[in-house]
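Notes to accompany the following structure.
The values are calculated or read from the model by the stated rules, or taken from the named source; none is laboratory data. Quick caveat: nothing in here was measured; it's all calculated off a predicted structure. Quick reminder, even Gly has a Cβ in these numbers, built from the backbone with ideal geometry, and neighbours come from all protein chains shown. What goes into the accessible areas is simple: the full protein's heavy atoms, side chains included, and nothing from ligands, DNA or RNA. Shrake-Rupley method; radii C 1.70, N 1.55, O 1.52, S 1.80 Å.
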Amino acid sequence: AFLAGSNVSGTTPIYQLEDQTQVTDNSVAIVVRAKSKRFPLTQVHKAENAYLRSLAATDTLTLNVRMGGSEYAESSQDYTLTMSGTNDKEVKRRLHRTLRGRWCQTYLSGSVSNRVPPRELVIEQRPVREGRVSV
C-alpha cells in the first residue's frame, strides 16, 4: 500500500505504508509495553502459571508479574517469552513460588519486528490456604 502526498513545489512524494508481512516503524522494531491494573484478590493467592496467546513472531517479550499486599512481602519476577513459531502461539510459563499476595499486576514489554498483538494473558492463581480448617 502506498500513500501519496503533495508539497508546494508540485512534486508528489510517495510514502510506502507498512504491509502485513513485516511491520516496523521506519525499519525500527516496534516497542511493546503494556501494564495491567492491580487486580484485587479475595484472599491470599499464589501465582502458578502464565499463559500468553498471540501470533507467532521472531522476537521475545518480557513478562513481569508482581504480587503483594499481605503478610508476604511484595515480590516481582521477570520471565522471557519466546514467540517464535507459526500461526497462533500459546506460551506457558511456570511462575515462582514467591509470588503470593492479595493483589496481582503484570507488565509486558519488548521490541518486535513484526505484528505480534498479544490477545490474551492469563495468570493462573490458587488460594494459599485452600481447604484449611481452623479449629
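How many residues does the range 42-61 hold that are over 16 Å from Ser75 (Cα atoms) and of a type in the set (Asp, Glu)?
1
Looking at the range 48-73, which of its residues are of a type outside the set (S, T, N, Q), open to solvent by 40 Å² or more (accessible area, probe 1.4 Å) and farther than 11 Å from Gln105 by Cα?
Tyr51, Arg53, Leu55, Gly69, Glu71, Tyr72, Ala73
Which condition from (1) open to solvent by less than 60 Å² (accessible area, probe 1.4 Å); (2) without any contact (Cβ under 8 Å) to a residue 40 or more places away in the chain is the one that His45 breaks?
(2)
Tally time: how many residues in the range 80-96 are modelled with pLDDT under 85 and not in a strand (DSSP E or B)?
Number satisfying all stated conditions: 5.
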